[in-house]
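Reviewing the structure listed below.
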Amino acid sequence: MYWNEKYECIEEAELKELQLERLKTTVKRAFYNVPFYRKTFQEIGLEPSDIKDLNDLQRLPFTSKKDLRDNYPFGMFAVPMSEIVRIHSSSGTTGKPTVVGYTRHDIEVWSELMARALVCGGATRHDIIQNAYGYGLFTGGLGVHYGCERLGASVIPISGGNTKRQIMIMKDYKSTVLTCTPSYALHIAETMDDMGVDPEELELHHGIFGAEPWSENMRQEIERRLNISAVDIYGLSEVIGPGVGIECQEKDGLHIFSDHFLIEVIDPVTEKPVEPGQMGELVITSLTKEALPIIRYRTRDITSIIPKKCPCGRTHVKVQRFTGRTDDMIIIRGVNVFPSQVESVLLEMGGVEPHYRLIVDRKGTLDTLEVQVEVSEKLFSDKVRGLEEFERRLAHELESTLAISVKVTLVEPRTIERSEGKAVRVIDKRKFS
Amino acid sequence: MKIKQISVFLENKSGRLAAVTRLLAKNDINIRALSIADTSDFGILRLIVKSPERAYKVLKESGFTVSLTEVIGVEMPDRPGGLSDVMTLLEEAGINIEYLYAFIGKGDKGATVIFRVEQLDEAIKALDTNGITVLNGEKIYNL
C-alpha cells in the first residue's frame, strides 16, 4: 500500500534527476534570500551555479542547530513574513529555542509526507487515528494531524496526557491507530493494566511512534502489551517535523522521503561521508522547503545507510533505526564508538541486563577499551566456564561491531552507578596533554 | 542424596569475600565447606552451609548474584587410594566431573568430597551400587 506510488517507487535515475533539479532550486533560494547562507557560501567562494551534479552537495557548508539559534527568531527564513502561514519552535530547554516557519506550500508538502508516512506505517482512510502527540509549538501534534486529514482518516486530536481519558476514548471511539511517543505508548499500556482494560477488547491494531529513540526490545514490548503492530517514525522540526522518514511494514529501517530530502551519513569528526552500512551522523538537505530551506543540517542523530533494495517496493533510501546522538561519541584509536552500539550488542546477546560501562584508558601510547557488564542471575551459574564463554562471545561480538579490540569484564550487580535513573556510561581515564 | 550448594559471583577486588562471610556471620549461617574458582577478573565462591535456602535469600537480598546448584557429598576412607577408587568408579560409569573439593577430616570414615557432576542421578547410582556412601543433606549440613 502506497499513498503516492509515483513518487515513492520512482526509478532511481528519475529520482536523481528530480533531486538535482530541486537541489539547485533550494541552493538558489537559500543563497539569494538568506543572508546566513550567502555569507557561508561566499566565505568558501561558492556560487549557486557551481552545483552541477548531486556530488556537489558535498561542497556546500554544513548548517547546525547553533546557526539556527544565532539567527533567532526568523533570520533563517527565505520568504517574507507575509508568506509564512505557520510557526513552530523547539522548547528551548538546552538554549534559545529554534524557530521554524512554513509557507502554505510547505504545509501542503508536510501533509503529503505525513499521509505517506501513515500509509507506510499501516494506516488507511478507514482508520480512526488517536493522535496523542502534543499539539502546540511542538511539530508532532499538528504534523500528524494534517497528515491524517490529508489521508482522509478520522483523527482524534486528543494531544498528550490524561492517560485514563485516552484509554476511555480509545475504547468508546474505537480508535484503530495510536500515534504518540514510544514511551507514552508504554505508559498507556501500563495504565491499561492498572485499570484492568484488556487490549484484546480494543480495536487498536497499529501504532506509529517517534520523536525519541527506542529499541527493538521496546517495540516488541509495546506490540505485545497493546496487541498492535508498531513502527518508528522520524522527523525533526529544523527539517520539517514528523514525516522525514518512517519504517515500512518490513520493520527493518526507515525510508527517508528522498524526493523531498537528500541525506548523507558522515563521520562526525572528519565530516567526510562514511561507506554505506557504516555508522555516522545523519545530515539532511531539504529539497522543497520554501520558508526554511535547510542545507546539510547536522542532525547529531546516529544511523547508517542500508545499502539494499527494500522488498516493500519503495525506492527511497533506507537508514537503520536511530541508536543515539553524536554528543555521546568517544574516539578510541581513531575509531568512533557510541555507547549505544554496546547496548545494542548486549540486547542482541540476551541474558544480560543492559547495565554496562565503558572504561577508556591509555596504556603507553595505546588506547584501551574495557566494557564492564553487570552479571545477571540469568547468566550466572556455579561454573566458571559459562561465564568465561560469555565474556569471550561478548568480546567477539563487540569487536566485530566496533572494529576495535575490547576487554569484557563481568562485575557484580548494582556496581555501575545509576544517577537519577540515567547511568554514567563512559569513564575516560586518558590524559591528553 | 543431593545436597544444595550456594554459588556467589565475586568481583576480583578487595573486600568482596569479607563482605560475604560477614553477611553469613551476621545471619548465623555456618559454613561447612567452601571452594573458590577464580579467573583474572572474577571469582565464584561455592559454599556448603547449614541452611542453604536461607543463605541464598540473605545473599540475594544484599545484592549478590547467587545460584543454587545440586551436588553430591561422598564419604570415603582417609587413606591413600581413597579418592582414587571413587574416581575410577565414576570414570567407568562415564560421569563427567565439573569440579570437586574436600571437607577437612570429618565424618564417619574420615574424608568427605563434594562432587559437581553433569549426571547427578547416574553418579549417585554408580556410587551406591558399589558400596560408596553418598551422604544426604542433613548429614552434610550438620557435619
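The values are calculated or read from the model by the stated rules, or taken from the named source; none is laboratory data. Just so we're clear, the structure is a prediction, and the values are computed from it rather than from any experiment. Note: ideal-geometry Cβ built from the backbone for every residue, glycine included; neighbour counts use all protein chains shown. Quick note on the areas: whole protein, heavy atoms, side chains included, nothing else; ligands and nucleic acids left out. Shrake-Rupley method; radii C 1.70, N 1.55, O 1.52, S 1.80 Å.
Among the residues here, A:ASN131 does not qualify as surrounded by fewer than 15 Cβ atoms within 10 Å (Cβ to Cβ) and either in contact with a Gly (Cβ under 6 Å, 6 or more places away or on another chain) or in the same structural domain as A:GLY243 (by TED's automatic domain parsing) (or both).
Considered as a group, the residues in segment A:260-270 that are surrounded by 22 or more Cβ atoms within 10 Å (Cβ to Cβ) and in contact with a helix residue (DSSP H, G or I) (Cβ under 7 Å, 6 or more places away or on another chain) include one that is farthest from A:LYS289 (Cα to Cα), and that residue is A:LEU262. Could you check segment B:4-61 and list, in sequence order, the residues that are touching a Lys or Arg at 6+ places or on another chain (Cβ under 9 Å) and among the β-branched types (Val, Ile, Thr)? Listed by number, the residues that qualify are B:ILE6, B:VAL8, B:ILE29, B:ILE31, B:ILE36, B:ILE44, B:ILE48, B:VAL49, B:VAL58. Only residues that are open to solvent by 30 Å² or more (accessible area, probe 1.4 Å) and either in contact (Cβ under 8 Å) with a residue 12 or more places away in the chain or in contact with a Ser or Thr (Cβ under 6 Å, 6 or more places away or on another chain) (or both) were counted across segment A:48-60, and they come to 4. Checking each residue in segment B:1-22 for being away from chain A (no Cβ under 12 Å), in contact (Cβ under 8 Å) with a residue 40 or more places away in the chain and among the charged types (D, E, K, R) picks out only B:LYS2.
Looking across segment A:173-193, the residues that are touching a helix residue (DSSP H, G or I) at 6+ places or on another chain (Cβ under 9 Å) and open to solvent by 20 Å² or more (accessible area, probe 1.4 Å) come down to A:THR181, A:SER183, A:TYR184, A:LEU186, A:HIS187, A:GLU190, A:ASP193. Screening B:GLY81, B:GLY73 for residues that are over 11 Å from the mean Cα position of the chain (by Cα), more than 9 Å from every other protein chain (Cβ to nearest Cβ) and not β-branched (Val, Ile, Thr) leaves exactly one candidate, B:GLY81.
When A:VAL265, A:VAL239 are checked against the criterion of being among the hydrophobic types (A, V, I, L, M, F, W, C), outside any loop (DSSP other than H, G, I, E, B) and at pLDDT 95 or above, A:VAL265 stands alone in meeting it. You will find that of A:THR191, A:THR181, the residue that is assigned by TED's automatic domain parsing to the domain that holds A:PHE209 and over 22 Å from A:LEU118 (Cβ atoms) is A:THR191 and no other. Of all residues in segment A:145-185, those satisfying the criterion of being out of contact with any Asp or Glu (no Cβ under 7 Å at 6 or more places or on another chain), closer than 14 Å to A:ALA230 by Cβ and part of a helix (DSSP H, G or I) are A:TYR184, A:ALA185. Taking each residue of segment A:362-380 that is within 8 Å of chain B (Cβ to nearest Cβ) and looking for partners that are modelled with pLDDT under 85 and open to solvent by less than 50 Å² (accessible area, probe 1.4 Å) with beta-carbon atoms closer than 6 Å, six or more apart or interchain, yields A:SER376/A:VAL352.
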